[in-house]
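A short worksheet on the structure shown next.
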């Protein structure tokens, strides 16, 4: 039985102090959310790609089922029990949710079906007063949030982001696209007001957007710093430190977190220190990490390989601040980035050049269609355009039952050997 | 069964090629029933729904990973193998994650009959047209937004075809589509009787052929055929009355109708894109035609789409509308593996059917092969036996 399979997984070794302490930030944020709810203040469950500054401006504390599912992938109820993600996924599957569905969806649905929302890591997500989702990235988050709204009997708002098709990495939207998205931002604010009584205050939103903008600039600066050789900050650090930027944008604490991170990365570069003593080759991680087994990011270190860059969760340059019309600014910011393969593949190739990537590990996430669908084309483009080999790691995002450790290690060993041979033959590894 | 419907259903490519040869007109392929195919019709183009083969993949598996919709992968494979070489263009809406990506795959992998007409890096006569269909189909600004999307599509088409598409052309298309919709509705009405006026498989053949024939021609033949059935009192074999809900019901998946009928059931209504969703919502001829087309397209209850309601129930509403008055005794959900929208909504719809209508539900997960459909026979038999008591 699949359920009986024992999977050996472990956490990652992070190279940065700020990354090692990022967990404390998350624990503190969850505690603040629960205190907020206890004080009678409203809570929203939402998604990463909704503009979080809106929540902070409107007095809501957000929880994120996707992030919560990732958190469940590393926590156990007791030392002997299965990971919490597996416990919740089983509850959902027993209720008829297919195991082909997104791991995030199954875990958070199982958490809802479990009945006791406090019976979970960090006391779970506080009961929501509303749900807000977006059409960005995947279909799943529409159906998943609809389903949670139906099960919890909690009102839902969906932000529909037009899926624009264009060649190139960024392009300003057309007027009708901006009008459409902006109208929904206005409707979202009205929706929040109807439920909470809090009125929209443009000054307060501008204040949050100022923090968000400054935080984004810092994150962009960190990305730039990460191009240094040797790599001062790896993917384990990158994924560990994404929470404040992805989920707390618009707050002073997120800004301060990245300021400390930026300073630490700067310090490492100045001291000429990398993630490891002797860096031989640099790797790309494409996709969402295998949250239940972050130790994978240290796998190549004994042979001199470091994960230097991951495109997931990274910021993109925002349009300039527009305090006179903050909603227009938000609409532009969200619509400027493209999400088709015509956009993502050329962007990835460019990033591989900039980060001097020698090989790619592609998370072949079998239940995450958005990440999974482009993976074979990405593999082909890396090889054809840059001569970069890559390896596919097949599993779920949070459900370790899908992870075959032996198979993954065999593939990764062969992959490392391929890169090292190239290294020993004196060929340039860096693109 | 009327010979022409069967011919289109059983050998679609030959039938369409023959039509093209005889008329000398253009044919465009499209994905999904929410595509504004009326605009193609207005431009004197025959829109035909793209479907797959159910055969092992020959080329697409090198590009589209296996744990994704087998139907869409098969469609692409058919395109890469040249089975759609008679198409003059392809229209792809943003209807679900995989169809959205079909725009890239089809554009980069399927050979096109004419070379791109590049001006300053832009192909002014694109072979693949993308429709930025909203994912939330209601809301105060969605209609103006989508009308603008359709205007852009119409302009691209006009440039590609070197002809204009006037409001009169669009109005003619709206009228032809409404005529066919009303005959299709009539055909479904005839299935409310017990026994049904025609079998589920016959109804599927008629529906499937409507996606491959010009609508005026289909409506005319269908009217004559239904008149004939009514006058001679034709009835389908009796059987447990089944509601069928599921993924793309093309000639591969449609074997499920035969299995249901051979097991003592009879499909009398459905929630299918090659079914009610392809004709259920009429076009308002009082509106400017582009707006009427936009509203029809937005009215389609695709499992992927959502609405502005605080607790959306649009999918349940569509199911209820297409199930009521049909005296349903059981519901079969035939869902293709990895169809996220369908899989995600299934538990809720199953629970509603059981608690609100007291209708038993069978869930079948398909792999888009004839063998896979055949393997469901024993489960279908057991389900129908259970209802028969």
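The numbers here are math on the coordinates, done by the rules we state, and not lab data. Quick caveat: nothing in here was measured; it's all calculated off a predicted structure. Reconstructed Cβ throughout: ideal geometry from the backbone, glycine too, with neighbour counts over all protein chains shown.
Structure summary
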{"item": "Sequence of B:350, A:106, A:259 once ranked by neighbouring C-beta atoms within 10 Å, starting from the fewest", "result": "A:259, B:350, A:106"}
{"item": "Distance between the stretch B:246-294 and the stretch A:221-266 - C-alpha centres, whole angstrom", "result": "51"}
{"item": "Neighbour-count ranking [beta-carbon atoms within 10 angstrom, fewest first] of A:229, B:122", "result": "B:122, A:229"}
{"item": "Other protein chain Cβ atoms within 10 Å, averaged over every residue that makes up B:63-71", "result": "5"}
{"item": "For A:152-160, mean number of other protein chain Cβ atoms within 10 Å", "result": "4"}
{"item": "Residue order, fewest to most surrounding Cβ atoms within 10 angstrom, among B:14, B:37", "result": "B:14, B:37"}
{"item": "Kirkwood Rh and Cα Rg combined as Rg/Rh, the stretch A:315-370", "result": "1.11"}
{"item": "Average partner coverage of A:369-376, which counts Cβ from other chains inside 10 Å", "result": "6"}
{"item": "Percent RCO, i.e. relative contact order, over chain B, from Cα pairs under 8 Å lying at least 6 residues apart", "result": "19"}
